[in-house]
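Here is the structure we will look at, set down as structure tokens.
The values are calculated or read from the model by the stated rules, or taken from the named source; none is laboratory data. No experiment lies behind these values; they were computed from the predicted model shown. Here the Cβ positions follow ideal geometry from the backbone for every residue, glycine too, while neighbour counts run over all protein chains shown.
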Amino acid sequence: MNILIINSGSSSIKFQLIEMPSEVLICSGLVERIGHKDAVLNYKTKSTSLQQTDNIETHNQGLHKIVEVLLDPEKGVIENTNEIEVVGHRVVHGGNSFSNTTLITAEVKQEIQKYATLAPLHNPGNLEGILVAEEFFPLAKQVAVFDTAFHQTIPEKAKKYAIPNKLYEEQGIQVYGFHGTSHQYVSEKAIEYLGLKTSKIISIHLGNGCSMTAVVDGKSIDNSLGFTPSNGLIMGSRSGDIDQGIIFYLVKNLGYSLDEVKDLLTNKSGMLGLTGFADLRDIEAEAGKGNRNCILALSMNAYRIKKYIGAYASAMNGLDAIVFTAGIGENSSVIRKLVCTDMDFFGIDLDEAKNESKAKDLREINTTTSKVKILVIPTNEELEIAKQAFQLLN
């Protein structure tokens, strides 16, 4: 069974074509910097690779580029779209409507659209991916895997906000948690690697969107993102945790509209708001040149992560390992060093030489005397989605 996986992020689209159940990767790729004139399409198979820079303004344009390269007479891997039997989609927000992998119907698409107001950077792109896939692959089954599903195990004491009960009971205002597919994949890999019967792990997913999950014995008990994928860590263009009083101040005292505040906190804050750059690679390069704003932003970013490590170690009453994953977590030795410095109270001791390794597989970057394992585990949300889609249909 050929399963095409479409994983739409807030500013990127990852894709893989996987033959299941053998888990053979046929091709993979990434469209990144969507919304910028220097957007990049990366694509590779066993025998070829391609990198193109283009002006890709929207997720729709990015998806069309992906389909074009899959069908390319020279570099493509399919001759016609009927060779794709299943398209698996990452969908960020499923609310309480979806706790399992789901075959996409008209009703499912309506629910995804309903939650778009809660995940404005993601669900619209996720839905766009579904609509484009239905257009190009009309005979394929469309399957949705929800980021929120892994976090269904978060206990009520952690997912309920201290607001009137009826808003939780009648309106479903609660912590949902996100990046669940990634957190599930890397935590399972970590547990397998550690060989522990019981485990307490903090998974740190760092990309344009960022979140952390406390995982006890393979189950999520808390996630740094909440009702929407907006709070918690400092992200590419999202502020993360902020005093809600600032929102009222912006509206009542500074004349902002609610839509302007939403745009400010979602699209113009985070590392972009602090530095003028949205891509961490640019920020690290500028910091290396002495740019004070970039140096401070990196420090702030790491400080927020460290606070959550402390909180989750406390919530779990222990810690066996921390896991860095996703684009920044896997590739930024700078962020990993900033996070793991001065954490000896928790038994976290970084080996700086190992941290600088460019290896792309699962690896330890802690010293031999570190009480807590520091792991870098490449996430593979696409494989996890393929596995769940295959299990649903078989």
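Points worth noting:
- Selection status of Val323, within 25 Å of Ser220 (Cβ to Cβ), in contact with a Gly (Cβ under 9 Å, 6 or more places away or on another chain) and surrounded by 14 or more Cβ atoms within 10 Å (Cβ to Cβ): yes
- Restricting Asn55, Asn7 to those that are more than 23 Å from the chain's Cα centre (by Cα), among the polar types (S, T, N, Q) and in a strand (DSSP E or B) reduces the list to Asn55.
- Residue count for region 212-221 satisfying the condition of being surrounded by 24 or more Cβ atoms within 10 Å (Cβ to Cβ) and closer than 26 Å to Thr117 by Cα: 2.
- Residue in region 102-159 that is surrounded by the most Cβ atoms within 10 Å (Cβ to Cβ), counting only those that are more than 20 Å from Ile385 (Cα to Cα) and not assigned by TED's automatic domain parsing to the domain that holds Arg90: Ile154
- All positions within region 181-202 that are among the hydrophobic types (A, V, I, L, M, F, W, C), buried (at least 16 other Cβ atoms within 10 Å of the Cβ) and over 24 Å from Ala386 (Cα atoms): Ile201, Ile202
- The lone exception for Ser357 - which of (1) farther than 21 Å from Ile202 by Cα; (2) crowded, with 21+ Cβ neighbours inside 10 Å it fails: (2)
- Residues of region 212-225 that are assigned to a loop (DSSP other than H, G, I, E, B) and either polar (S, T, N, Q) or in contact (Cβ under 8 Å) with a residue 60 or more places away in the chain (or both): Ser224 alone.
- If only residues of region 254-281 that are at pLDDT 95 or above and part of a loop (DSSP other than H, G, I, E, B) are counted, the one that is surrounded by the most Cβ atoms within 10 Å (Cβ to Cβ) is Ser269.
- Members of region 36-52 that are more than 23 Å from Pro124 (Cβ to Cβ), under 21 Å from the mean Cα position of the chain (by Cα) and surrounded by fewer than 21 Cβ atoms within 10 Å (Cβ to Cβ): Asn42
- Gly209 being touching a residue at least 24 places away in the same chain (Cβ under 8 Å), in contact with a Gly (Cβ under 8 Å, 6 or more places away or on another chain) and crowded, with 24+ Cβ neighbours inside 10 Å: yes
- Unique match (being in the same structural domain as Glu85 (by TED's automatic domain parsing) and either touching a Leu at 6+ places or on another chain (Cβ under 7 Å) or under 23 Å from Pro124 (Cα atoms) (or both)) among Val31, Val24: Val31
- Test set (1) surrounded by fewer than 16 Cβ atoms within 10 Å (Cβ to Cβ); (2) closer than 18 Å to Ser203 by Cβ; (3) not hydroxyl-bearing (Ser, Thr, Tyr) - Ile374 fails condition number: (1)
- Verdict on His64 being in contact with a strand residue (DSSP E or B) (Cβ under 8 Å, 6 or more places away or on another chain) and at pLDDT below 90: no
- Taking helices (runs of 4 or more DSSP H) as the structural unit, those lying wholly within region 140-198 and holding at least 2 residues that are modelled with pLDDT under 95 and of a type outside the set (Val, Ile, Thr) correspond to 165-169, 180-194.
- Restricting attention to region 99-119, the residues that are among the small types (Gly, Ala, Ser) and within 18 Å of Gln152 (Cα to Cα) total 2.
- Residues that are modelled with pLDDT of 95 or more and either surrounded by fewer than 20 Cβ atoms within 10 Å (Cβ to Cβ) or on the phi > 0 side of the Ramachandran plot (or both), drawn from region 360-369: Leu362, Arg363, Glu364, Thr367, Thr368, Thr369
- Restricting region 138-179 to residues that are small (Gly, Ala, Ser) and in contact with an Asp or Glu (Cβ under 9 Å, 6 or more places away or on another chain), the residue that is farthest from Pro124 (Cα to Cα): Ala158
- Selection from region 296-312 of residues that are over 16 Å from Ser333 (Cβ atoms) and either modelled with pLDDT under 95 or in contact with a helix residue (DSSP H, G or I) (Cβ under 9 Å, 6 or more places away or on another chain) (or both): Leu296, Ala297, Met300, Tyr303, Lys306, Ile309, Gly310
- Restricting attention to region 21-35 and to residues that are within 22 Å of Thr48 (Cα to Cα) and assigned to a loop (DSSP other than H, G, I, E, B), the residue that is farthest from the chain's Cα centre (by Cα) turns out to be Ser22.
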